[in-house]
Amino acid sequence: MPYSIEEHKHRFAAWAAGTAASVKGCRFSVRQGQDVLEAAGLKRVLGGVDRLPNPEQMDRSHRKWRSGVIAAAQSEGFEFTDGVAAKLINVYLKAGYVCGGHHDDLRVRALHPPIDSVLLDELSARNVGGLRAEWNVARKVRWSKFDSTQYETVICNIRLCLQGSPMWEVEKYWRGYQ
């Protein structure tokens, strides 16, 4: 099979996601992360923006994706939380779509951003949206330990603060690039 830009994008996105989501207490290789993404069907989702759900369906679809990733990880011998599954999914889709030139598409604007301690610390320090107490609750739990409800609460709070702006814009508070 010839090497295509689609395969190139998938490999890069899987590398970025596997690197970002592997954390103390849940270590896995980039290859294992890629296998989990593929087994959960995320490679098909990366096949074109038309494969993304409508914005109003994003949270429900994301919950299904997380369940699929968690199940695929279990079959590989890993115990992923919703937080780890979300980070794997979110970095994967960010690399493929947000940073792949589709950032203005309504479906891409609704994609969940990667959540980590660097982002949560900054959201708290700046009291973004006047939600310091909520950011601190999430910080204490730790993103890699989030269950579904804790993860979705953070996403709802981000959406509230952004007031209709693309979800990826919350990353202006992420200082991990420095």
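The values are calculated or read from the model by the stated rules, or taken from the named source; none is laboratory data. This is a predicted model, so every value here is computed, not measured. Note that each Cβ is placed from the backbone with ideal geometry, even for glycine, and that neighbours are counted across all protein chains shown. We work out accessible area using only protein heavy atoms, side chains counted, and drop any ligands, DNA or RNA first. Shrake-Rupley method; radii C 1.70, N 1.55, O 1.52, S 1.80 Å.
A few notes on this one:
- Computed per residue of the chain from DSSP H runs no shorter than four, each worth -39500 (n - 2.57), the mean residue ellipticity at 222 nm is -17000 deg cm²/dmol.
- Of LEU119, GLY101, PRO166, farthest towards positive along the dipole that unit charges on Lys, Arg, Asp, Glu beta carbons give the stretch 96-178: LEU119
- For VAL23, the residues 5 or more places off, or on other chains, whose built amide H falls under 5 Å of its own are PHE28.
- Percent carbon-and-sulfur accessible area, the stretch 1-111, ignoring ligands, DNA and RNA, probe 1.4 Å: 52
- LYS94 sits with roughly 50 Å² accessible to a 1.4 Å probe, with DNA, RNA and ligands left out of the calculation.
- Extension gain, VAL118 to CYS99: 0.36 nm times the residue separation minus the Cα-Cα distance gives 4.9 nm.
- Tilt relative to the chain, helix 30-39 - C-alpha long axis, 0 to 90 degrees, to 10: 80
- Note on the chain: dipole from Cβ charges, positive end direction compared against MET58, ALA16, ALA133; the farthest Cα belongs to ALA133.
- Mean accessible surface per residue for the stretch 62-169, computed with a 1.4 Å probe while every protein chain stays in place, in Å²: 44
- Counting only alpha carbon atoms, the long axis of helix 148-162 and the longest principal axis of the chain meet at about 70°.
- Among the lysines of the stretch 30-178, pairs that are 8 or more positions apart or on different chains and have alpha carbons within less than 17 Å of each other number 6.
- Among ARG126, ARG109, ARG142, residue whose mean-square fluctuation peaks in a GNM of the chain (springs only between Cα atoms under 10 Å): ARG126
- Most mobile of THR149, THR81, THR19 in a GNM of the chain (Cα contacts under 10 Å): THR149
- Gained length - LYS140 relative to TYR177, 0.36 nm times residue gap less alpha-carbon distance: 11.0 nm
- Using alpha-carbon coordinates, inclination of helix 5-21 to the longest axis of the chain, degrees: 40
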